[in-house]
Structures are given as structure tokens and as C-alpha cells.
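Encoded as C-alpha cells, the structure appears first; notes follow it.
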Amino acid sequence: MYNFDFEKPSTIADAVAALAGEDAQALGGGQTLIPTLKQRLAAPSTLVSVSGIAEMKGVCVEDDGSVAIGGATTHADVAADAASSYPALAALAGQIGDPAVRNRGTIGGSVANNDPAACYPAGVLGSGATIVTNTRQIAADDFFQGMFTTALEEGEIITSVRFPVPQAASYQKFLQPASRFALVGVYLARFADGVRVAATGASEDGVFRWSEAEEALNKEFRTDALLGLHINPMNMIGDLHGSKEYRAHLVSVMTKRAVEACS
Ligand SMILES: Cc1cc2nc3c(=O)[nH]c(=O)nc-3n(C[C@H](O)[C@H](O)[C@H](O)COP(=O)(O)OP(=O)(O)OC[C@H]3O[C@@H](n4cnc5c(N)ncnc54)[C@H](O)[C@@H]3O)c2cc1C
């Protein structure tokens, strides 16, 4: 770990000003960034913690029924405070890592990091959520741009994520027991105007929508609608935890389980 300055502003405006400095980086719960610094894989000159910004914390139901979650809200708080307004998302948050990770890690940090095996990217893309930053609003379909890559620009911070609430939704996670990340996770959300299916942990391109499954389920919302549909393993992740073919197969299995949970 290198030396760095530390700032803990209490407003979004002050955080944005601090992040305008050279080599400054936002710090959420530090669950990814601090180990990265310890391994000397990053060396920001200033860390700007967003954990003291009250306007970036909490779960709130908006007038249009959508659920807005502050970017600095911890996974534990989402698990508890979204349980009645968006139960499937709360259940996803409650399955992240372990209690220590859930009490520090934040939704903004997870979504900004876009780890290919993280849970929130599937929930955000599967819900068709909107990522709200200090400068703009970005649709989930435009936000995730490949492994560890997002539409965020330098110094831009996620202030909240806004979720439309589906009629039914389910996150099915096949746990990688050593890391507790998803070996494969599928988030399925059923809205009045259609079904969205997003998979994490599986693809070398990061989180993705399984459009063939969405089309089939829009015609007939039954597990049988998925018969004969297969994910091409070519772009899947293959490692010591699971081959490309295994992960491709797991996407189908988890999607079927999500359909059953929503039926
Ligand atoms: C043992 C372990 C197990 C885990 N298991 C899971 C799991 O099962 N599922 C899962 O999804 N995740 C898992 N995680 C990841 C964890 O949930 C955190 O969400 C994730 O590490 C990032 O969130 P953070 O708040 O800690 O961000 P940080 O580590 O503080 O930051 C990560 C990145 O996001 C940026 N950032 C932080 N906040 C913002 C913001 N508001 N706006 C813009 N950029 C920001 C930082 O600059 C940095 O680049 C695990 C982590 C550990 C250590």
C-alpha cells in the first residue's frame, strides 16, 4: 500500500470537488479497492470516501413506485430496508459475500466496479434500472460495457440507482463457495410489458441479457419455453472453478429456477 490522502466529505458537491483533484478516487465500502491498494495494483493520491454523505444513503420509494437506493447504501441495509418494497433485490443483497462484506460494501461500489461475478450488475440489468450519477442518468442497458468496464467517466460518482419494481422477480445464485461470489447468477424480472433475464459470473464480456430466453418467456412464461435454448459456451468464462460449457449450462438451469420462483 502506498501513502495517500484521505477525504470524507458530507455532500455530493464536496465529493465531486475532491474527486476533481489529480489521481483522486472514490471509496465506497473499500471491499474491492482496499485489497487492490494493498496489492499495489492501484495508487490513487487521494481517496474520497462517500460513506459520510447522508444524501447517498438509504432506500426510498418514489412517487412513481420505483425504488431508489443511495449509491453509498450498504448491502446489509438494502437487504433489510428494501425487503418490503423490492423483495427480490433485497434477497440478492442478502446473499452477497458474508456479514463483514455486506456491512461495508455498497451498491454504488459494486455497480461501478462491475466485477464479472458480482450480483448487483445482474439485479440492475435484469431490472432495467437507471444509474443516477452526479451529472446524468444512465440506463442499465448502456451502463455495463464489459468486464470491470462501465459508462462512468473520470470523477463521476453513482449517487443512486433507481429500480422499476416488477410484478415478480427472482435472483438465482449458484455460489462459488470459496469466494462467495456467483459462479453463475441469473436475475429474472417479469414486468407487465415483458421479461428481462440477466446473467452474471458466466461471460467474459461481463453481465449480459439472455435475449433468446426473454423472447421465449414473453411468448409463454413457463420453464418449458426454455427447452431447446442453449447459451453458446464460446464467450463463457472457463477456469478451475468451472468450464465454459458448465457455466453455459448453469445459465439455463438458473434461469429455469428463476422462472419457477416467479410462477
Ligand atoms: C470476501 C468477499 C466476498 C464478496 N462476495 C460478493 C458476492 O457474493 N457478490 C457480489 O456482488 N459482490 C461480492 N463482493 C464484493 C463486495 O460486495 C463489494 O460490493 C464490492 O467489493 C465493491 O463495493 P465497495 O462499496 O466495497 O466499493 P469499493 O471497494 O470502495 O470501490 C470499488 C470501485 O468502485 C468505485 N466506487 C465506489 N463507490 C462509488 C460510487 N458511489 N460511485 C462511483 N464509483 C464508486 C471505487 O472508486 C472503486 O473503483 C465480495 C467481496 C469480498 C471481499
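Nothing in this text is a laboratory measurement; each read-out follows from the coordinates by a stated rule. It should be emphasised that the depicted structure is a prediction, and the values quoted were computed from it without experimental measurement. So basically every Cβ, Gly included, is an ideal-geometry build from the backbone, and we count neighbours across all protein chains shown.
Sort 233-246, 161-174 by packing, meaning the average of other beta carbons within 10 Å per residue, with the highest value first.
Numbers: 233-246: 15.2, 161-174: 21.5.
Top of the packing list down: 161-174, 233-246.
One equal scatterer on each Cα of the chain, no solvent, Debye formula: the resulting log10 I(q)/I(0) at q = 0.11 Å⁻¹ is -0.58.
Taking +1 at the Cβ of each Lys and Arg and -1 at the Cβ of each Asp and Glu, which of Asn114, Asn3, Ala248 sits farthest along the dipole of the chain towards its positive end, judged by Cα position relative to the Cα centre? About the Cα centre, the residue reaching furthest to the positive side is Ala248.
The helix-based estimate of mean residue ellipticity at 222 nm for the chain, built from -39,500 (n - 2.57) per DSSP H run of four or more residues and divided by its residue count, is -8500 deg cm²/dmol to the nearest 500. Using a cutoff of 8 angstrom between alpha carbon atoms and counting only pairs six or more residues apart, the relative contact order for the stretch 168-262 works out to 31 percent. Check the straight Cα-Cα distances from Lys244 and name the lysines below 25 Å, setting aside those fewer than 8 residues away within the same chain. Of all the lysines, those that pass the test against Lys244 - Cα under 25 Å, at least 8 places apart if same chain - are Lys173, Lys256.
Here the chain is assigned +1 on the Cβ of each Lys and Arg and -1 on the Cβ of each Asp and Glu. Its dipole about the Cα centre then comes out at about 840 debye. GNM, the chain, Cα, under 10 Å: largest mean-square fluctuation among Ser127, Ser203, Ser84? Looking only at Ser127, Ser203, Ser84, the largest GNM fluctuation is found for Ser84. Value of Rg to Rh for the stretch 168-262, rounded to two decimals, is 0.96; Kirkwood radius and Rg both from alpha-carbon coordinates.
With contacts defined as alpha carbon pairs under 8 Å and 6 or more residues apart, what's the relative contact order of the chain in percent?
Worked out over the chain, it gives 15 percent.
Rounded to the nearest 20 debye, the dipole size of the stretch 168-262 about its Cα centre is 300 debye, using +1 on the Cβ of Lys and Arg and -1 on the Cβ of Asp and Glu.
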